[in-house]
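Read through the structure below, which is laid out as structure tokens, and then see the notes.
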Amino acid sequence: MKKAFVLACGAGAVGVGVVASWFLGGDGFASSSNLGPLGSTPASIQAPLPAGRVSASAMPSWASWGSTDGRSAAPASRPSVGAPTASLAGVEAHFRVSRDLKAFADELLAREARLTREERYFLAKALETCGFAMSMNDDLVEAGQRRRRDFISTLSPTDPEFDRRVAAFDASDDINRCRRFQGQTIAQSKIDALYQRAGDGGDPRAQARTLVAELSKNLAIPKNQFESARVVEQDDFQRIVSLLESRNAEAIVTVAQLLAEHRLIEQLRMGPNGETPNPASLVGAFTLVACDFQPSCTAFDREALQACAHAGYCSAGSYEELYANFLASPYAWSMASRYRTLIHTAIETRNWGLIGIPKLVGARARAPQ
């Protein structure tokens, strides 16, 4: 179950443009006006956890993980699934907990000329999420109901986590969140313009998306001998550094997904020995760092709900705990732990050579072997 879940969900949920991994289906629907305080976790997911689970509060801090694969810790307090969301405020929290993205989008569109850069980003994200949902389903209402029925049919009625797994499924259901967009058209040009204005205003998440889109296009493998791939330039390096220094969790993970692609991964060299990083462990390490900076990181918010719903692992209180105890293999955890320390040190000291990104300057796309 663990490995199947990781292949289906773990790597994709934190990637660039991987909205597809979020569409889990569902039927429970509520207006955003009925959600309670922004950032609150649904009460049905806040039930006490079973005894004997590993808690992140008993795990070592990132600074002590340079050479250990410590995958166990003494049981301690048992936090709720998705609890870090409660530390968020404003439009990001509203976006995450809203079960009606049409109402969310309409409220922002009504004052579009006065939106902040963050509001523009999450308006674009809501429209993108629902545009994708509609492109994949002719009838969102029917699709949501069907997927929820199919999901519940896979659970045993005697599963002690039955209620929490269904609640987690509903909380992560983007098809249902978009159902009131049924029959409407969302223009991609509108989404692109919102992201562009958010990035121009200084939103690091939007800037990361723009950087990845540009590099992904420009570093494409040449189709024939008459084409040449653009190299990574000094300006690209500076943009990557700026996004890492922003300490914005979503921006960091977006950059990590780019660095782990086959076109660039072979250029990176990690640590004093200059090792080529393992792609999956590199993304895991950057995500751990991102969630160190922002415990309410999106990666934990989504993957914790999916782990609970689809695998019955409902006890994770942080991304660190989720990754160490559920998503990662022992090998991946060991490697990601070492990379995590190097990434933290590189950001704190601006010694980018520790993680090899200066070597990207001048790099060209390479075809996968």
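Read-outs throughout are calculated quantities, based only on the coordinates presented, and are distinct from any laboratory measurement. Bear in mind the structure is a predicted one, so any value in this text is a computation, not a measurement. With ideal geometry, Cβ positions are generated from the backbone for all residues, glycine too; neighbour counts draw on all protein chains shown.
With the convex hull of the Cα atoms taken as the outline of segment 119-164, the averaged projected area works out to 4.6 nm². Think of each Lys and Arg Cβ as +1 and each Asp and Glu Cβ as -1; about the Cα centre, that makes the dipole of segment 224-300 roughly 100 debye. Using R0 = 30 Å, the C-beta based FRET efficiency linking ASP106 and ARG146 works out to 0.65. The protection proxy used here, the mean number of other Cβ atoms lying within 10 Å of each residue, ranks peptides 150-160, 248-258, 338-348 as follows, highest first: 248-258, 338-348, 150-160. Of all aspartates and glutamates in the structure, those lying under 18 Å Cα to Cα from LYS217, and not within fewer than 8 positions of it along the same chain, are ASP192, GLU227, GLU233, ASP235, ASP236, GLU261. Among 313-322, 106-115, sorting by the average number of other beta carbon atoms lying within 10 angstrom of each residue, highest first, gives 313-322, 106-115. Modelled label positions at VAL361 and GLN188, each set 7 Å beyond Cα in the direction of Cβ, lie 3.5 nm from each other. For segment 86-207, the fraction of C-alpha pairs more than 22 angstrom apart is 42%.
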